[in-house]
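The values are calculated or read from the model by the stated rules, or taken from the named source; none is laboratory data. Keep in mind it's a predicted model, so treat the numbers as computed, not measured. Please note: Cβ atoms are built from the backbone with ideal geometry, for glycine as well, and neighbour counts cover all protein chains shown. To get the accessible areas, we keep the full protein, side chains included, count just its heavy atoms, and leave off ligands, DNA and RNA. Shrake-Rupley method; radii C 1.70, N 1.55, O 1.52, S 1.80 Å.
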Amino acid sequence: MSLDAEEVEKIAHLARIAVTSDEVDALKGELSGILGLVERMSELDTSDILPMAHPLDMPQRLRPDVVTEEDHRDAYQAVAPAVENGLYLVPRVIE
């Protein structure tokens, strides 16, 4: 698939990327190559391949579910201007 300069500029605008006219020519080739690769990959028959949740065929090691940090909430909230029942009170910004 080949892109023209107008399509590259439109893609850059949608991605909110500023590109110069010199960069458009370079990006045109790179984006066309990427889209060509995607096109070739979509032609592959993957009906025999099972979806994978993880690329490694092994169980994940899990760490023990224990508390490792101390509770510092009171110390953190001591410097807050307004706290109630363990929650920070902030000014209302939406009426």
Could you work out how far the C-alpha centroid of segment 81-95 sits from that of segment 55-71, in angstrom?
35 Å
Please sort 25-31, 89-95, 36-42 by packing, taking for each peptide the average over its residues of neighbouring beta carbons within 10 angstrom, highest first.
25-31, 36-42, 89-95
Output the 0 to 90 degree angle, nearest 10, between the alpha-carbon long axis of helix 5-14 and the longest principal axis computed from the alpha carbons of the chain.
10 degrees
Here are labelled values, (i) 15.6, 55; (ii) 14.7, 49; (iii) 26.6, 62, and one is the computed Rg and Dmax of the Cα atoms in Å for what I pasted. Which one?
(iii)
Taking the chain as a Gaussian network, where each spring joins two C-alpha atoms under 10 Å apart, which residue of ALA12, ALA53, ALA80 fluctuates the most?
ALA80
For segment 54-95, rounded, prolate or oblate, judged on the Cα gyration tensor with a ≥ b ≥ c (square roots of eigenvalues), a/c < 1.5 rounded, else prolate if a/b > b/c?
oblate
Under 5 Å, built H, 5+ apart or other chain: amide partners of LEU3:
SER32
Can you send over the carbon and sulfur percentage of the accessible area for the chain, probe radius 1.4 Å, protein chains only?
57 percent
For VAL83, list long-range residues whose amide hydrogen, built 1.01 Å from N in the peptide plane, is under 5 Å from its own amide hydrogen.
LEU89
